[in-house]
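Engineer: Here it is, the structure in full.
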Amino acid sequence: MANLKEIRTRIASVKSTQQITSAMKMVSAAKLRKSQTAITLLRPYANKMSEIIARLGEAMTDDIPFTRRHPKQKQENILLIVLTSNKGLCSTFNSSIIKLSTKRINEYKLAGHNISVVSYGKKGDNALSKMADIHYLGTNDDVWDTLTFDSIKKEADKFVNEFLEKKYDRIEIIYNQFKNAANQIPKIESFLPLLIKGNENTTEEDIKYNNDYIFAPSKEEIITSVIPQSLNTQMYRCFLDSFTSEHGARMSSMNKATDNAMALLKDLTLNYNKQRQADITNQIIEVSSGANAV
């Protein structure tokens with residue numbers, strides 16, 4: 001059994017750890033509240049904008065540069081944008097994205113496609129930079145320090161231009177979609193080309209009405225301004241989802257760590273008191289035995 005000094009040392013260590021995890025939980029909770037409000041307000045706008053673009057697409061001409069009207073090629077140039085965090089201690093937040101990214105990369109490798117990967121976050125960079133048979137483009141970790149629409153717009157514009165220049169045939173974003181503080185959903189979302197016919201719930205009636213739109217000022221104006229704005233909003237939503245998920249995961253993880261530290265402290269204190277009581281009893285027995293000997 002450990003002596004009293006060893007138990008006191010462990011108690012002090014656990015208390016110090018508990019203070020750290022508790023502080024990290026409160027910091028993440030504060031950041032989560034702010035980012036959760038932002039993503040809750042952004043989602044309806046972003047989803048409706050994507051829906052409108054998807055419905056309008058069928059009524060436009062066949063030469064929209066943001067879509068792919070030709071059949072899929074046997075060998076495509078594909079870009080994967082992977083969103084992780086710069087820091088750990090957030091449960092499976094990073095590992096689930098790395099696992100999903102690895103699975104997606106292997107699927108495309110098996111299909112014979114050329115794969116390029118860019119990451120945002122040190123955790124993704126550490127894992128993806130070591131992968132073979134992909135074109136790794138590096139990482140931009142600083143984007144998480146100043147996450148604003150303007151900073152993400154610069155990144156989105158770069159990818160849109162590369163798609164329009166036909167550098168890539170397909171661009172996908174792999175990220176954690178925020179559900180609540182305890183649940184994040186790893187997701188692969190198509191960024192480009194645009195999905196013109198909308199989602200799987202689109203009906204023939206929807207498609208028929210798509211052809212009844214009157215464009216003002218012109219289709220060209222929509223293509224050059226509204227569609228890029230929709231793409232910028234979509235990418236910002238993915239980054240904000242990931243940012244919110246990170247703090248939700250970290251808050252939950254630190255909450256569990258704090259609870260575990262409290263339970264461990266309770267056990268250590270109980271063991272300390274038992275050991276202390278045993279030592280006192282032994283001392284009393286020794287004194288009594290000495291007195292009787294005299």
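Engineer: Percent antiparallel among DSSP beta bridges with both residues in the chain, to the nearest 5?
Structural biologist: 40 percent
Engineer: If you fit an axis through the alpha-carbon atoms of helix 227-293 and take the longest principal axis of the Cα set of the chain, what angle between them do you get, 0 to 90°, nearest 10?
Structural biologist: Computed tilt is about 10 degrees.
Engineer: On to the next question. Which angle between 0 and 90 degrees, to the nearest 10, do you get for helix 149-164 versus the longest principal axis of the chain when only C-alpha atoms count?
Structural biologist: Taking Cα atoms only, the helix is inclined about 50 degrees.
Engineer: Using 1/(1 + (r/R0)^6) with R0 = 22 angstrom and r between the beta carbons of Lys99 and Ala182, what's the FRET efficiency to the nearest 0.05?
Structural biologist: Approximately 0.70, to the nearest 0.05.
Engineer: Still on this structure, please answer the following. What is the calculated FRET efficiency for Tyr136 to Arg10, with r their C-beta to C-beta distance and R₀ = 30 Å, to the nearest 0.05?
Structural biologist: 0.10
Engineer: In addition: How high is the relative contact order of the chain? Use alpha-carbon pairs under 8 Å, at least six apart in sequence, and give a whole percent.
Structural biologist: 32 percent
Engineer: Can you pick out the pairs among Lys15/Lys256; Lys31/Lys87; Lys31/Lys256; Lys179/Lys256; Lys15/Lys266; Lys74/Lys99 whose Cα atoms lie more than 21 Å from each other?
Structural biologist: Lys74/Lys99
Engineer: Oh, and also: Treating only the Cα positions of the chain as identical point scatterers, give the base-10 log of I(q)/I(0) from the Debye formula at each q in 0.12, 0.13, 0.14 Å⁻¹.
Structural biologist: Here the Debye-derived log intensity ratios amount to -0.86, -0.96, -1.07.
Computed from the coordinates by the stated procedures, all read-outs in this text should not be read as laboratory data. Predicted model, so just to flag it, every value in this text is computed and none were measured. So basically every Cβ, Gly included, is an ideal-geometry build from the backbone, and we count neighbours across all protein chains shown.
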